[in-house]
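S.K.: Okay, handing you the structure first.
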Amino acid sequence: MNLEFYKNQAALKQKDHKKFLDQLKKKPPKNLDYKVQETHDEVFSKIDCLQCANCCKTTGPLFTEKDIERISKHLRMKQADFEAKFLRTDEDNDKVLQNLPCWFLNADNTCSIYEVRPKACREFPHTDRKKIYQINQLTIKNTAICPAAFEFVELLKKNLEK
């Protein structure tokens with residue numbers, strides 16, 4: 001997977017993508033949620049996240065209290081010890097990883113805590129979300145990180161033109 005290619009394409013098409021997503025927000029088609037899910041499924045039938053894992057290498061998820069509770073229990077750690085070892089509080093007062101790439105990313109791009117991973121990881125890149133236009137800024141940001149997010153926007157444009 002050529003991450004540099006996707007990063008460059010995302011930068012080149014950022015204005016076009018923003019304009020497209022802004023149009024969806026102004027006038028969402030009646031079947032938008034259906035088309036979004038259909039497009040998401042099509043993209044992820046062709047892209048294997050294990051070939052990339054750029055999200056795990058470059059972007060730390062937000063950890064909710066439920067995430068911390070679930071993961072620390074899975075690791076048989078006290079929550080305070082888990083937080084002290086792996087997390088920090090960022091400028092928005094959110095709990096995030098101290099360092100990147102993610103501590104739980106294995107050499108083969110699998111996740112050592114996959115079954116209990118944070119909600120943010122389970123939902124990334126958020127391309128199967130209802131009312132996708134509510135997260136336009138996040139979608140644009142994710143196209144530079146995630147090849148699937150980039151392909152999703154490109155394919156959604158085509159699918160909605162039909």
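S.K.: So, with a 1.4 angstrom probe, what is the percent of accessible area on the range 36-162 that is carbon and sulfur? Intermediate values should be presented prior to the final figure.
M.R.: Values: 3680 of 7390 Å².
Reported share for carbon and sulfur atoms: 50 percent.
S.K.: Per residue and in Å³, how big is the convex hull formed by the alpha-carbon atoms of the range 80-126?
M.R.: Details: hull volume 4.9 nm³, N = 47.
Hull volume over Cα atoms, normalised by residue count, gives 104 Å³.
S.K.: Counting helices only, and only those DSSP H runs with n ≥ 4, report the 222 nm mean residue ellipticity of the chain as the sum of -39,500 (n - 2.57) divided by its residues, in deg cm²/dmol to the nearest 500. Could the numbers behind the result be given before it?
M.R.: Working: 9 runs with 89 residues, N = 162.
Helix contribution divided over all residues of the chain: -16000 deg cm²/dmol.
S.K.: Right, another one. Compactness ratio of the range 49-118: Cα Rg over 2.2 N^0.38 Å, N = residue count? Before the final figure, lay out each step's value.
M.R.: On the way: Rg = 11.8 Å, N = 70, 2.2 N^0.38 = 11.1 Å.
Scaled against compact globular proteins, the figure is 1.07.
S.K.: Also, quick follow-up: Looking at the chain, what % of the alpha carbon pairs are farther apart than 26 Å? Don't skip to the end; give the middle numbers.
M.R.: Values: 4429 of 13041 pairs.
Of the Cα pairs, 34 percent sit more than 26 Å apart.
S.K.: Using the Cα centre as the reference, give the magnitude of the dipole from point charges on the C-beta atoms of the chain (Lys, Arg: +1; Asp, Glu: -1; all else neutral), rounded to the nearest 20 debye. Intermediate results must be reported in sequence, preceding the final value.
M.R.: Details: 30 positive and 24 negative charges, 114 e Å.
That gives a dipole near 540 debye.
S.K.: Same structure again: Hey, what's the range 17-93 come to in accessible area per residue, 1.4 Å probe, Å²?
M.R.: Values: 5240 Å² over 77 residues.
Value for the range 17-93: 68 Å² per residue.
S.K.: Run through every distinct alpha carbon pair of the range 67-154 and return the Kirkwood hydrodynamic radius in angstroms, one decimal place.
M.R.: Answer for the range 67-154: a Kirkwood hydrodynamic radius of 14.8 Å.
S.K.: Further question: For a bin width of 10 Å, list the pair-distance distribution of the range 6-60 built from all Cα-Cα distances, rounded to whole %.
M.R.: Spelled out bin by bin, the range 6-60 gives 18, 35, 41, 6 percent.
S.K.: Can I ask one more? Which FRET efficiency value, to the nearest 0.05, do you get for ARG88 and GLN134 by plugging their Cβ-Cβ distance into 1/(1 + (r/R0)^6) with R0 = 22 Å? Numbers along the way, then the final one.
M.R.: Working: r = 28 Å, r/R0 = 1.28.
Efficiency, rounded to the nearest 0.05: 0.20.
The values are calculated or read from the model by the stated rules, or taken from the named source; none is laboratory data. Owing to the predicted nature of the structure, the values given are computational and were not obtained by experimental measurement. In this analysis, Cβ positions are derived from the backbone assuming ideal geometry, glycine residues included, and neighbour counts consider all displayed protein chains. These area figures cover heavy atoms from the full protein model, side chains too; ligands, DNA and RNA do not enter into them. Shrake-Rupley method; radii C 1.70, N 1.55, O 1.52, S 1.80 Å.
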